[in-house]
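Visitor: One structure is given below, represented as structure tokens, and several questions about it will come after.
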Amino acid sequence: MWQAEVRVDLDAIRENVSRIRSGTTADVMAVVKADGYGHGMIPAARAALDGGASWLGVCTLDEALTLRRAGITVPVLAWLLAPGLPLHEGISAGVDLAAASLPQLDEMIEASRRADRPAQLHLKIDTGLSRGGATVADWPALLDAAAKAQADGLIEVVGVWSHFVYADMPGHPTTDRQLAVFHEGLAMVERAGLRPRYRHLANSAATLTRPDTHFDLVRPGLAVYGLSPIAGDTFGLRPAMTARARVMLTKR
């Protein structure tokens, strides 16, 4: 007899992703970091793909390689990469990597040489979150170095991206300011001679409320698992996890 349990409804994940997919013309990257937000990374990833996601997003290289070892072959982006990691393993496994500084780009180039194939890179610009990403001041130098490395056949810049601060607060002025900075950063990308296939900015909140931020790819996280980022509106999402336990004792 069970005493306590957590249940994950994979059908809910499929339905949530399908609902998200129907609301955008962009490709959908389902974020499955942190063991799929505790729902189980591999089954959650497969359910999300069944629901219409065409990309998966993770934080760490190890998470990305775990997906590959499970036989998942769709595009995967890993974006939280500490110095000294075996990036060549990710490149060899066809994992897309994020770079936000010249030293990080140098590591990617060296890893590409070791893997004997170009790294697929997504360059990140800091539009205001002040967490990851190159500042606007540092962005041109990163683009110039990336363009040279691409011309040398060492890397391929396939994406440019950033992340919102307050998209979960509709109407917050920061969102429009960040969008403007992102557009400015994209103009610099063009001037550097780069033509990335994917431009991505929207998290769950922006995916659900700001279609003008969708670009080529959206990155829902919480929404995949049925959690609305906007207070007071479920958007038809269905929570995928329930927890229950038997009562052991009551007292007055």
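Visitor: For the range 156-165, state whether one or more residues are under 21 Å from the mean Cα position of the chain (by Cα), surrounded by fewer than 22 Cβ atoms within 10 Å (Cβ to Cβ) and aromatic (Phe, Trp, Tyr).
Guide: No: zero hits.
Visitor: Also, quick follow-up: For the subset of the range 234-252 comprising residues that are assigned to a loop (DSSP other than H, G, I, E, B) and in contact (Cβ under 8 Å) with a residue 12 or more places away in the chain, which member is farthest from Gln3 (Cα to Cα)? Reasoning before the result, please.
Guide: Residues of the range 234-252 assigned to a loop (DSSP other than H, G, I, E, B): 234-240, 246-252.
Checking which are in contact (Cβ under 8 Å) with a residue 12 or more places away in the chain leaves us with 235-240, 246.
On the way: Phe235: 33, Gly236: 31, Leu237: 28, Arg238: 25, Pro239: 22, Ala240: 20, Arg246: 6 Å.
Of everything passing the filter in the range 234-252, Phe235 is farthest from Gln3 (Cα to Cα).
Visitor: Hey, can you tell me all the residues within the range 138-155 that are open to solvent by less than 40 Å² (accessible area, probe 1.4 Å) and of a type in the set (A, V, I, L, M)?
Guide: Of the residues in the range 138-155, the ones open to solvent by less than 40 Å² (accessible area, probe 1.4 Å) are 139, 142-143, 145-147, 149, 154-155.
Within the range 138-155, Leu142, Leu143, Ala145, Ala146, Ala147, Ala149, Leu154, Ile155 meet the criteria.
Visitor: Go through the range 205-232 and report how many residues are at negative phi and either of a type in the set (Lys, Arg) or at pLDDT below 95 (or both).
Guide: Filtering the range 205-232 for residues at negative phi gives 205-214, 216-225, 227-231.
Those left that are additionally either of a type in the set (Lys, Arg) or at pLDDT below 95 (or both): 210, 219, 231.
Residues that pass the stated criteria total 3.
Visitor: Across the range 210-252, which residue is least open to solvent (accessible area, probe 1.4 Å) among those that are basic (Lys, Arg) and closer than 25 Å to Val28 by Cβ?
Guide: Here is the first cut: in the range 210-252, the residues basic (Lys, Arg) are 210, 219, 238, 244, 246, 251-252.
So of that shortlist, the ones also closer than 25 Å to Val28 by Cβ come out as 210, 219, 238.
Details: Arg210: 55, Arg219: 12, Arg238: 86 Å².
Per the stated criteria, the residue is Arg219.
Visitor: Quick one: count up the residues across the range 14-47 that are outside any helix (DSSP H, G or I) and open to solvent by less than 60 Å² (accessible area, probe 1.4 Å). Spell out how you get there, then give the answer.
Guide: Step one: of the range 14-47, the residues outside any helix (DSSP H, G or I) are 23-32, 38-40.
Filter again for open to solvent by less than 60 Å² (accessible area, probe 1.4 Å), leaving 23-24, 26-32, 38-40.
So the answer is 12.
Visitor: If you go through the range 217-224 one residue at a time, do you hit one that is free of Cβ contacts under 8 Å to residues at least 60 places away in the same chain and touching a Lys or Arg at 6+ places or on another chain (Cβ under 9 Å)? Spell out the reasoning first.
Guide: Narrowing the range 217-224 to residues free of Cβ contacts under 8 Å to residues at least 60 places away in the same chain: none.
No; the residues of the range 217-224 include none that is free of Cβ contacts under 8 Å to residues at least 60 places away in the same chain and touching a Lys or Arg at 6+ places or on another chain (Cβ under 9 Å).
Visitor: Okay, next question. Within the range 173-196, which residues are touching a Gly at 6+ places or on another chain (Cβ under 7 Å) and either of a type in the set (Phe, Trp, Tyr) or not in a helix (DSSP H, G or I) (or both)? Let's see the steps before the verdict.
Guide: Of the range 173-196, the ones touching a Gly at 6+ places or on another chain (Cβ under 7 Å) are 174, 177-178, 181, 196.
Across the range 173-196, the qualifying residue is only Pro196.
Visitor: Report, ordered by the first and then the second residue, all pairs with beta carbons closer than 9 Å, sequence separation of six or more or different chains, a first member in the range 138-160 that is more than 16 Å from Tyr198 (Cα to Cα) and modelled with pLDDT of 95 or more, and a second member that is among the polar types (S, T, N, Q) and part of a loop (DSSP other than H, G, I, E, B).
Guide: Within 9 Å, the pairs are Asp138/Ser101; Leu142/Ser101.
Visitor: Here's another thing I want to ask about it. Pick from the range 168-186 the residues that are closer than 15 Å to Ala134 by Cα and hydrophobic (A, V, I, L, M, F, W, C): which of them is least open to solvent (accessible area, probe 1.4 Å)? Full working, then the answer.
Guide: Restricting attention to the range 168-186, the residues satisfying the condition of being closer than 15 Å to Ala134 by Cα are 178, 181-186.
Okay, now just the ones that are also hydrophobic (A, V, I, L, M, F, W, C), so 181-182, 186.
On the way: Val181: 35, Phe182: 1, Leu186: 23 Å².
Within the range 168-186, the match that is least open to solvent (accessible area, probe 1.4 Å) is Phe182.
The values are calculated or read from the model by the stated rules, or taken from the named source; none is laboratory data. None of the values given here were measured: they were computed from a predicted structure. Every residue, glycine among them, receives a Cβ derived from its backbone with ideal geometry; neighbour counts consider all protein chains shown. The protein model used for the area step is the full one, side chains on, heavy atoms only, and it has no ligands, DNA or RNA in it. Shrake-Rupley method; radii C 1.70, N 1.55, O 1.52, S 1.80 Å.
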